[in-house]
Structure formats: structure tokens, C-alpha cells
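> Please see the structure below; I have some questions.
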Amino acid sequence: MSAIKEKIAKLLALSASPNEKEAQAALLKARELMAKHKLRPEECREGQADKVVRQTIGVECTKMTDAWVLELGAIIGNRYCCRAYRQRAKRAKKVMLGFVGLEDDFEVCRRIYLYAYECVKARCRDIQSRHRDWSTGTELREMCNAYGWGFCSGLNAAFQEQEKEHQEWGLVLVVPQAVEDAMSRMGKPTPYGKANVDGWRAKYANAGYAEGKKFVPEQQLEPGNNKQQASA
């Protein structure tokens with residue numbers, strides 16, 4: 001195995017470290033090197049089989065409240081070589097978000113998603129706090145939903161711009177076939193929830209878009225960096 005493959009293999013091994021900061025740094029550095037040298041994880045782990053993980057991550061939503069979490073999952077999942085799915089218990093109104101991905105990819109995707117999710121939820125709590133005295137419960141929910149959908153659109157636009165700038169990432173960021181096969185066995189995905197960002201809601205959607213557009217996961221995974229600022 002070449003020196004660069006050995007280095008990537010060591011970084012992937014470090015990603016299992018119990019030290020959260022060390023694990024995050026190793027996973028992201030491995031991803032950077034694989035993109036630069038057009039290598040896939042399986043090419044850097046001689047004699048190791050890739051394990052496909054399918055798991056929910058503790059985030060729930062309904063069609064009326066926070067349906068944007070599924071869109072956010074799809075955007076981040078695709079960017080980090082995973083696929084998002086939803087799961088619902090029998091007769092339950094809420095659905096749970098999950099990801100399917102190779103073990104290392106799943107862990108990067110999960111961490112980045114949860115960070116982005118908490119950024120949006122923190123902003124939504126701020127919106128609710130500032131407007132609670134003069135808004136109805138429905139209006140507050142729609143403000144937050146509009147912000148969430150806007151954040152998703154902004155983040156997706158940012159990722160697309162990055163991909164145009166770094167076209168060589170394409171060979172590494174593609175979702176592995178083993179993951180696609182696992183998803184195909186789960187059935188065809190269907191739409192869930194609908195964005196409503198018209199009229200007065202556009203103000204909150206635009207604020208979300210601006211924050212999503214400047215969200216840089218690789219620079220904001222440090223423990224404690226769990227808030228983003230926006231004006232709405």
C-alpha cells in the first residue's frame with residue numbers, strides 16, 4: 001500500500017478514538033486526502049470489509065412541525081456519501097430521521113447533521129422567544145418552519161458552489177453502491193411535508209437561506225460551537 005493510502009488508513013483508524021475532537025479531525029482529514037488523491041475508503045483498508053450502517057439519529061418531525069429536518073438530512077447525506085431515510089412507528093404521527101452509509105461515512109454525516117440541526121433549532125428558539133408575545137402558535141411554527149426550509153436551500157446552494165469549485169471531489173463524494181443497494185431494498189422514497197415560505201414568511205426563509213449559505217461544517221465541528229447568528 002502506498003504511503004498516502006497508509007496515512008489515510010491511519011486517519012480512519014483514529015476516527016474510532018474516544019476523544020471526540022481527535023476523532024472529528026481524523027475523519028475530516030481523511031476525507032480531504034481521499035478527495036485530493038481520488039481514493040475511496042475501501043482502497044485504503046486492505047483486508048477490511050466495509051460495513052453498511054442503517055440507523056436513526058434521534059431527530060423527529062411531523063408534516064406540520066420541522067418537516068425540513070428530512071430535507072436537511074437528504075442534503076447533508078448526499079454530500080457525505082450517505083442516504084437519508086425516515087422511519088415511523090405504527091400509528092405514530094412523528095417520523096424519525098436516519099442515515100444509511102458506510103461506517104466511517106455514517107459517523108461523519110451524523111455529526112455534521114446534528115450540528116446543523118442544532119444550529120437551526122437554536123435560531124428557531126430565538127425566533128419563538130422574540131415573537132411569542134404577539135404571535136399565535138401557528139404563526140410561530142410557520143416562522144420556524146420557513147427559517148428551516150430557507151437554511152436547507154442556502155446550504156444546498158453552498159454545497160453546489162463548492163462542488164463546482166472542487167470538481168475533483170466527485171469521485172469521492174459519490175454514494176457507494178453498497179449504500180444504494182441497501183436503500184433500494186427499503187422501497188421507493190416518497191415526499192414528506194411541504195415548504196411554505198410565501199408572504200410574510202419570506203423574511204424568515206431569507207434569514208435561514210443566508211445562514212445556510214455560509215454554514216461550513218468542516219470549520220464548525222469543534223465542541224461548543226453549536227450556535228449560529230442570524231437576523232430575522
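> What FRET efficiency comes out for Lys214 versus Gln87 if R0 is 30 angstrom and r is the Cβ-Cβ distance? Round to the nearest 0.05.
The computed FRET efficiency comes out at 0.45.
> Setting aside same-chain residues fewer than 8 positions from Lys36, which aspartates and glutamates have a Cα under 16 Å from its Cα?
Glu6, Glu163, Glu165, Glu168, Glu218
> Principal axes first, then extents: for the Cα atoms of the stretch 104-207, list largest minus smallest coordinate on each axis, whole Å, largest first.
51, 34, 25
> I've got another one for you. Using amide H atoms built in the peptide plane, which far-off residues or other-chain residues are under 5 Å from Val59 H to H?
Sorted by chain and number, the residues that satisfy this are Leu97.
> Okay, next question. List the trypsin sites (Lys or Arg not before Pro) within the stretch 56-153 that DSSP assigns to loop and that have no more than 16 neighbouring Cβ atoms inside 10 Å.
Lys63, Arg88, Lys90, Arg91, Lys93, Lys94, Arg132
> Right, next: Less than 28 Å apart at the alpha-carbon level, and either on another chain or at least 8 residues along: which lysines does that give for Lys94?
Candidates past the 8-residue exclusion: Lys63, Lys121, Lys188, Lys194, Lys203, Lys227.
> Using a 1.4 Å probe over the heavy atoms of the protein chains, calculate the carbon and sulfur portion of the accessible area of the stretch 122-161 as a whole percent.
Summing carbon and sulfur atoms, their accessible area is 43 percent of the total for the stretch 122-161.
> Right, another one. In Å and on Cα atoms, what radius of gyration and Dmax does the stretch 50-130 show?
13.2, 48
> Moving on. Net charge near Leu155: determine it from the other residues with C-beta under 10 Å of the C-beta of Leu155, scoring Lys and Arg +1 and Asp and Glu -1.
Around Leu155, the surrounding residues sum to +1.
The values are calculated or read from the model by the stated rules, or taken from the named source; none is laboratory data. Only a predicted model underlies this, so the values are computations on that prediction, with no experimental measurement involved. Don't worry about glycine lacking a Cβ; one is built from the backbone with ideal geometry, like all the others, and counts go over all protein chains shown. Calculation scope for accessible area: heavy atoms of the full protein, side chains included, ligands and nucleic acids excluded. Shrake-Rupley method; radii C 1.70, N 1.55, O 1.52, S 1.80 Å.
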